[in-house]
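This report concerns only the one structure given below.
The values are calculated or read from the model by the stated rules, or taken from the named source; none is laboratory data. Just so it is clear, the model here is predicted, and its values are computed rather than measured. Cβ placement follows ideal geometry from the backbone for every residue including glycine, while neighbour counts extend to all protein chains displayed. Surface accessibility is based on the protein's heavy atoms, side chains included, excluding ligands, DNA and RNA. Shrake-Rupley method; radii C 1.70, N 1.55, O 1.52, S 1.80 Å.
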Amino acid sequence: MGSSETTTKDEQPDLAGLEAGLDALESGGGDERPNAGRVLLTKVLPPLVAVALVLLVWQLAYWADLQKDYLLPSPGDVWAEYEEMWREGTLFEFIWTSVSRGILGFMIAVAIGTPLGLLVARVKLVRAAIGPILTGLQSLPSIAWVPAAIIWFGLNNSAIYAVVLLGAVPSIANGIVAGVDQIPPLYLRAGRMLGARGLTSVRHVLLPAALPGYLAGLKQGWAFSWRSLMAAELIVQSPSLGTGLGQLMETYRTLQNMAGVLGTIILILIVGVAIDLLFFSPLERRVLRSRGLLSRVS
Amino acid sequence: MAIALDKPEREGTTDTAGYAVRFDHVSKSFGRAGKQQLVLDDISLDVAPGEFVTLLGASGCGKSTLLNLTAGLDAASAGTISVPGGRPALMFQEHALFPWLTAGKNVELALRLRGVPKAQRRPEAERLLSLVRLQGSYDKRVHELSGGMRQRVALARALAQASQLLLMDEPFAALDAITRDVLHEELTRIWTETGVSVLFVTHNVREAVRLAQRVILLSSRPGRIAHEWRVDIEQPRRIEDAAVSALSVEITERLREEIRRHGQQ
Ligand SMILES: Nc1ncnc2c1ncn2[C@@H]1O[C@H](COP(=O)(O)OP(=O)(O)OP(=O)(O)O)[C@@H](O)[C@H]1O
Ligand SMILES: [Mg+2]
């Protein structure tokens with residue numbers, strides 16, 4: 001489809017060329033991809049160095065005998081705990097029990113929090129009624145729900161999921177409310193001019209426009225899910241439930257195994273960070289970059 | 001792919017009505033009862049089918065308000081606005097393109113919301129983009145386009161609505177003079193080719209004369225139709241043509257008079 005086909009009878013032939021020149025001048029060179037070596041140097045190396053430093057300080061503290069060994073085990077002792085779990089084949093079982101619960105709980109929270117957030121954002125009466133409650137719930141530590149959940153549901157998975165949902169739903173709902181509130185009114189008016197009404201408008205304008213704020217809410221929602229899950233698992237113990245990281249930590253505590261407790265804390269941290277790094281951060285970066293809201297320049 | 005330059009199919013009845021839009025004693029005031037500010041006062045105006053009319057007026061005289069009323073984004077306080085051809089297309093001063101879509105998908109969304117079947121959307125969007133000479137930019141994101149290109153995509157999106165009436169609210173105000181010149185030529189070409197009726201708002205006198213068949217001058221506070229001129233200069237015109245300049249001088253004089261009147265009150 002050459003541009004020559006668009007030329008018509010009475011048209012000045014130089015206009016197309018002039019325009020092409022202007023476009024080329026104005027739109028610049030486009031994004032340049034950073035090379036792998038640079039990414040390694042600026043993004044990967046610094047956190048690795050930081051972790052190495054923390055391990056070093058820890059090891060030095062151990063060597064300096066600041067505390068008795070059963071109170072302050074060395075990094076090596078913790079590593080030995082991992083090795084043992086690995087040999088028994090239980091390491092990934094513990095992690096997976098918690099992660100699968102976390103993901104399922106998070107997905108249910110998304111399914112509830114998203115429509116709830118949309119309602120709060122778009123319906124004045126709903127916002128007036130439950131907006132403040134949602135914000136309040138977000139600042140309530142989810143561990144406060146554990147006793148109530150146990151009384152309602154007993155020592156079972158339902159109690160755990162209830163705590164996760166009560167922790168995550170408000171933050172996801174608030175995320176989408178914030179996302180919708182930040183939409184420039186111009187987009188909504190443009191959508192209306194194109195004929196988008198009601199659900200069509202929600203689907204083609206409101207949701208995509210609110211996506212950056214929504215993603216931030218999802219990210220926070222995951223953090224809340226994970227935290228609430230650990231709080232619930234620490235307390236809701238029952239042989240039939242299987243062993244998640246929270247239950248594992250509680251077991252180590254009763255055994256007075258500090259290396260095991262520390263090791264579990266580290267695992268909880270690693271899982272939380274890994275899900276963020278592997279899933280949410282790339283997603284968020286992709287969305288922001290595709291809208292020109294994130295520059296590649298370091 | 002051959003590019004059809006015939007008029008897009010339209011579903012309305014502009015031709016039988018004899019006008020593309022009719023303002024019948026339209027007034028608009030803002031604010032609560034008791035502290036009302038009259039912005040538009042008794043505007044009566046017809047835009048003929050296929051006509052190009054520019055609305056000229058000082059900043060704050062109510063030009064955007066009038067377009068918003070026409071577009072149905074707001075309701076008039078008195079009087080009626082009839083648009084027999086159905087919902088008009090509106091081009092905002094800012095491009096108002098959706099940054100989560102590519103240039104091509106922005107146009108396709110307009111087609112989709114108009115009810116164009118899926119299979120026809122892509123070729124139709126490509127046709128519209130080549131109409132504004134952006135055939136190579138289908139997959140470009142909005143932020144990758146220059147200001148002039150964004151306005152052209154916005155124009156393609158507005159044309160995708162296949163409305164009989166195109167409302168334009170200072171669409172070129174933010175562009176540099178060279179780009180604006182080129183877009184004037186494009187707009188004139190597209191208007192000739194599609195036969196769409198255009199109501200174009202600006203506070204740039206030369207731009208108004210360069211583009212229009214008829215220039216309407218609005219006075220300020222409240223906005224009333226102060227005067228109108230027929231522009232009988234043959235298209236394609238250039239903004240620096242002697243005839244365009246001569247009429248611009250005359251209109252500017254009148255505009256200044258209007259503004260001076262406010263200083264004396
Ligand atoms: N929603 C609103 N509520 C109250 N006043 C408004 C509203 N919209 C516009 N006005 C007032 O109406 C007047 C006209 O505004 P309008 O935006 O139509 O002017 P304009 O001619 O488009 O100006 P410009 O050339 O600067 O775009 C202004 O005095 C403005 O303050
Ligand atoms: Mg305006």
Can you name the residue in the stretch B:68-79 that is in contact with a Ser or Thr (Cβ under 9 Å, 6 or more places away or on another chain) and part of a loop (DSSP other than H, G, I, E, B) and, of all such residues, is surrounded by the most Cβ atoms within 10 Å (Cβ to Cβ)? B:76
Can you name the number of the only condition in (1) within 13 Å of another protein chain (Cβ to nearest Cβ); (2) crowded, with 20+ Cβ neighbours inside 10 Å that residue B:140 fails? (2)
Single residue of the stretch B:115-137 satisfying the filter (open to solvent by 40 Å² or more (accessible area, probe 1.4 Å) and outside any helix (DSSP H, G or I)) that is farthest from the other protein chains (Cβ to nearest Cβ): B:117
Just the residues that are away from ligand 1 (no atom under 16 Å from the Cβ), assigned to a loop (DSSP other than H, G, I, E, B) and open to solvent by 70 Å² or more (accessible area, probe 1.4 Å), please, taken from the stretch B:223-245. B:232, B:234, B:236, B:238, B:240
For residue B:217, the lone unmet condition from (1) crowded, with 22+ Cβ neighbours inside 10 Å; (2) within 12 Å of chain A (Cβ to nearest Cβ); (3) more than 14 Å from the chain's Cα centre (by Cα) is (2)
Subset of the stretch B:14-67 [open to solvent by 10 Å² or more (accessible area, probe 1.4 Å), under 30 Å from residue B:189 (Cβ atoms), part of a strand (DSSP E or B) and within 14 Å of ligand 2 (Cβ to nearest atom)]: none
Give me the pairs, please: first residue somewhere in the stretch A:73-88 and open to solvent by 40 Å² or more (accessible area, probe 1.4 Å), second residue anywhere and part of a helix (DSSP H, G or I), beta-carbon distance under 6 Å, and either six or more positions apart or on two chains. A:77/A:259
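Each row is one residue, and each column tells you yes or no for (1) within 30 Å of residue B:82 (Cβ to Cβ); (2) within 16 Å of ligand 2 (Cβ to nearest atom); (3) at pLDDT below 90.
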| site | (1), (2), (3) |
| --- | --- |
| B:110 | yes, no, no |
| B:128 | yes, no, yes |
| B:133 | no, no, yes |
| B:168 | yes, yes, no |
| B:174 | no, yes, yes |
| B:180 | no, no, yes |
Enumeration of residues in the stretch B:68-104 that are under 30 Å from residue B:135 (Cβ atoms) and within 16 Å of ligand 2 (Cβ to nearest atom): B:71, B:90, B:91, B:92, B:93, B:94, B:95, B:96
Six or more apart or on different chains, Cβ under 7 Å: which pairs go from a residue in the stretch A:92-112 that's in contact (Cβ under 8 Å) with a residue 60 or more places away in the chain to one that's open to solvent by less than 20 Å² (accessible area, probe 1.4 Å) and not in a helix (DSSP H, G or I)? Could you list them? A:94/A:244; A:97/A:244; A:98/A:244; A:101/A:244
Picking from B:169, B:176, which residue would you name as being of a type in the set (D, E, K, R) and within 15 Å of residue B:53 (Cα to Cα)? B:169
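Just to verify a result, which residue in the stretch B:159-175, among those that are outside any loop (DSSP other than H, G, I, E, B) and either away from chain A (no Cβ under 11 Å) or open to solvent by 10 Å² or more (accessible area, probe 1.4 Å) (or both), is nearest to ligand 1 (Cβ to nearest atom)? Walk me through how you get there before you give the answer.
Of the stretch B:159-175, the ones outside any loop (DSSP other than H, G, I, E, B) are B:159-160, B:165-169.
Filter once more, so that each one left must be either away from chain A (no Cβ under 11 Å) or open to solvent by 10 Å² or more (accessible area, probe 1.4 Å) (or both): B:159, B:165-166, B:168-169.
On the way: B:159: 23, B:165: 18, B:166: 17, B:168: 12, B:169: 7 Å.
Ranking the qualifying residues of the stretch B:159-175, first place goes to B:169.
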Residue hits (the stretch B:67-80; under 14 Å from residue B:167 (Cα atoms) and more than 9 Å from chain A (Cβ to nearest Cβ)) are B:67, B:69, B:70
Looking at the stretch A:251-298, which of its residues are open to solvent by 90 Å² or more (accessible area, probe 1.4 Å), touching a residue at least 12 places away in the same chain (Cβ under 8 Å) and within 14 Å of chain B (Cβ to nearest Cβ)? A:293
Among the residues of the stretch B:191-206, is any within 13 Å of chain A (Cβ to nearest Cβ), open to solvent by 10 Å² or more (accessible area, probe 1.4 Å), away from ligand 1 (no atom under 16 Å from the Cβ) and in contact with an Asp or Glu (Cβ under 7 Å, 6 or more places away or on another chain)? no
Which numbered condition residue B:184 misses (of (1) outside any helix (DSSP H, G or I); (2) surrounded by fewer than 22 Cβ atoms within 10 Å (Cβ to Cβ)): (1)
Scan the stretch B:109-132 residue by residue and report those that are among the basic types (Lys, Arg) and within 23 Å of residue A:202 (Cβ to Cβ). B:112, B:114, B:118, B:121
Please determine, by comparing only the residues of the stretch B:81-94 that are within 16 Å of ligand 1 (Cβ to nearest atom) and open to solvent by 30 Å² or more (accessible area, probe 1.4 Å), which one is farthest from the other protein chains (Cβ to nearest Cβ). B:81
Could you look through the stretch A:76-135, keep only residues that are small (Gly, Ala, Ser) and over 26 Å from residue A:242 (Cβ atoms), and pick out the one that is farthest from the chain's Cα centre (by Cα)? A:76
Yes or no: the stretch A:26-34 includes at least one residue that is in a helix (DSSP H, G or I) and under 30 Å from residue B:186 (Cα atoms). yes
Give just the number: which of (1) away from ligand 1 (no atom under 16 Å from the Cβ); (2) open to solvent by less than 20 Å² (accessible area, probe 1.4 Å) does residue B:112 not satisfy? (2)
Sole exception among (1) within 16 Å of ligand 1 (Cβ to nearest atom); (2) more than 27 Å from residue B:18 (Cα to Cα); (3) part of a helix (DSSP H, G or I) for residue B:104, by number: (1)
Given A:128, A:121, which one is surrounded by fewer than 12 Cβ atoms within 10 Å (Cβ to Cβ), assigned to a helix (DSSP H, G or I) and modelled with pLDDT under 90? A:128
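When the residues of the stretch B:46-60 are filtered to those that are in contact with a His (Cβ under 9 Å, 6 or more places away or on another chain) and under 18 Å from residue B:209 (Cβ atoms), which remaining residue is modelled with the highest pLDDT?
Residues of the stretch B:46-60 in contact with a His (Cβ under 9 Å, 6 or more places away or on another chain): B:56-59.
From what is left, the residues that are under 18 Å from residue B:209 (Cβ atoms) are B:56-58.
Working: B:56: 90, B:57: 86, B:58: 82.
That would be B:56.
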